[in-house]
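First up is the structure itself, then whatever we jot down about it.
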Amino acid sequence: MPVKKPSKPWLVKCVTPGGPVETKHRSCPEAYRAVTAEKDRIANGDSRTQHITVNQWNTELGYWDLYERVYPER
């Protein structure tokens, strides 16, 4: 049974030594702008982020699906 789509169906998860930090976004481009900003903070030494993933809400199953592992680049 399909689950209602949230108003912000994109999730950027930044994993840090202190735990994950999640931000939700309305669109894929908006999520990737947040990823770019975080990667800039990492390059400047202002962030302790170890991993970044982008996830999309799965309306069929009702949970976050992994869309892409963005950082570190493989």
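The values are calculated or read from the model by the stated rules, or taken from the named source; none is laboratory data. Since we're looking at a predicted model, the values are computed, not measured. Note that each Cβ is placed from the backbone with ideal geometry, even for glycine, and that neighbours are counted across all protein chains shown. Surface accessibility is based on the protein's heavy atoms, side chains included, excluding ligands, DNA and RNA. Shrake-Rupley method; radii C 1.70, N 1.55, O 1.52, S 1.80 Å.
Among the residues of segment 5-44, which ones are at pLDDT below 95 and open to solvent by 90 Å² or more (accessible area, probe 1.4 Å)?
5
I'd like to check something: does segment 39-49 contain any residue that is hydrophobic (A, V, I, L, M, F, W, C) and under 10 Å from the mean Cα position of the chain (by Cα)? Show your work before the answer.
Of the residues in segment 39-49, the ones hydrophobic (A, V, I, L, M, F, W, C) are 42-43.
Okay, now just the ones that are also under 10 Å from the mean Cα position of the chain (by Cα), so none.
Taking every residue of segment 39-49 in turn, none turns out to be hydrophobic (A, V, I, L, M, F, W, C) and under 10 Å from the mean Cα position of the chain (by Cα).
Hey, can you tell me all the residues within segment 45-68 that are within 18 Å of residue 17 (Cα to Cα) and surrounded by fewer than 16 Cβ atoms within 10 Å (Cβ to Cβ)?
45, 46, 48, 50, 51
Which residues, taken from segment 1-38, are of a type in the set (S, T, N, Q) and either under 10 Å from the mean Cα position of the chain (by Cα) or under 16 Å from residue 72 (Cα atoms) (or both)?
16, 23, 36
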